[in-house]
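Notes follow once the structure below has been shown.
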Amino acid sequence: MNEPQLDTLHTVAEVARRFGLKPSTIRRMIYEKRIDVFRPSARAVRISEKTIREKLARGFSPSVAR
């Protein structure tokens, strides 16, 4: 049987690098509930690959690399 494929989870720093933003900006977006997250513990925050792809598909474009 086919097992369901697990979605990759990313840290705030990884997502910030991918979007070309600062980690603090990603944290603010999480606080404002603009990004869905998974909380494996009280402090840890993870963002799914699916969420990242949806955000990019809706027109979010990463900033220009410096």
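The values are calculated or read from the model by the stated rules, or taken from the named source; none is laboratory data. Keep in mind the model is a prediction, meaning the values are calculated, not measured. Positions of Cβ are generated from backbone atoms using ideal geometry, with glycine treated the same way; all protein chains shown enter the neighbour counts. Calculation scope for accessible area: heavy atoms of the full protein, side chains included, ligands and nucleic acids excluded. Shrake-Rupley method; radii C 1.70, N 1.55, O 1.52, S 1.80 Å.
For this structure, a couple of remarks:
- Residues in region 26-50 that are among the hydroxyl-bearing types (Ser, Thr, Tyr) and without any contact (Cβ under 8 Å) to a residue 40 or more places away in the chain: TYR31, SER41.
- When MET1 is tested against (1) of a type in the set (A, V, I, L, M); (2) at pLDDT below 95; (3) assigned to a helix (DSSP H, G or I), only condition (3) is not met.
- Residues in region 22-39 that are open to solvent by 100 Å² or more (accessible area, probe 1.4 Å) and either in a helix (DSSP H, G or I) or at positive phi (or both): 4 in all.
- Residues satisfying the stated conditions in region 19-66, i.e. modelled with pLDDT of 90 or more and among the polar types (S, T, N, Q): SER24, THR25, SER41, SER48, THR51
- One residue stands out among those in region 7-21 that are under 13 Å from LYS50 (Cβ atoms) and assigned to a loop (DSSP other than H, G, I, E, B): the one that is nearest to the chain's Cα centre (by Cα), which is THR8.
- Count of region 40-60 residues, restricted to those that are assigned to a helix (DSSP H, G or I) and either open to solvent by 80 Å² or more (accessible area, probe 1.4 Å) or farther than 16 Å from ILE26 by Cα (or both), is 3.
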